[in-house]
1. Order these peptides, 80-89, 25-34, 63-72, 140-149, by their mean beta-carbon neighbour count within 10 angstrom, highest first.
2. Under 15 Å from a point placed 7 Å out from the Cα of residue 162 along the Cα-to-Cβ direction: which residues of the range 14-35 have their backbone N that close?
Amino acid sequence: MTKPAAHTPAPAPITIYVDADACPVKEEIYKVALRHTVPVIIVSNSPFRIPDSALISRVVVNDSFDAADDWIEERASPAAIVITADILLAERCVKADAAVLAHNGKPFTKDSIGSAIATRAIMADLRSGMNAGDGIGGPPPFTKQDRSAFLQSLDQVLVKLARR
């Protein structure tokens, strides 16, 4: 007599979570997500327009410190893709085994997050030691190449997660 096959639960559905208040690639996210039919959840401290699609929803959290980050982290999982420029949120989501991408397409991974945090700390120290007007400048301008790299990275992550 043969044993019945063990039930293997289906993997959780892929979902894209966007730390959206300062995200310059929302339109690109919508485009790729709709092509792959993957839900997108836009998380922000204030409401703004989103496309009219059953795949795209919005969550407006209160304006307390880290409210959006906390909401996203609670849902981070191996089936999640998190889009953020916030290195500390990226670290929290990487620890939850989520795929995490910066707005320029650069992935945050368990191997790279430590150096990203260290660089962030060094830059904060440099800024705190500067006099007003002596600024070291902000991040470089967002370019077409950054946008293109982001589109390619998001597509690659979606394909990889869909194969699991």
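Quick note: the coordinates plus some simple rules give every number you see, no bench work behind them. Values in this document were obtained by computation on a predicted structure and should not be read as measured data. So basically every Cβ, Gly included, is an ideal-geometry build from the backbone, and we count neighbours across all protein chains shown.
1. The most tightly packed comes first, giving 80-89, 25-34, 63-72, 140-149.
2. Only 14-16, 30-35 pass the distance filter.
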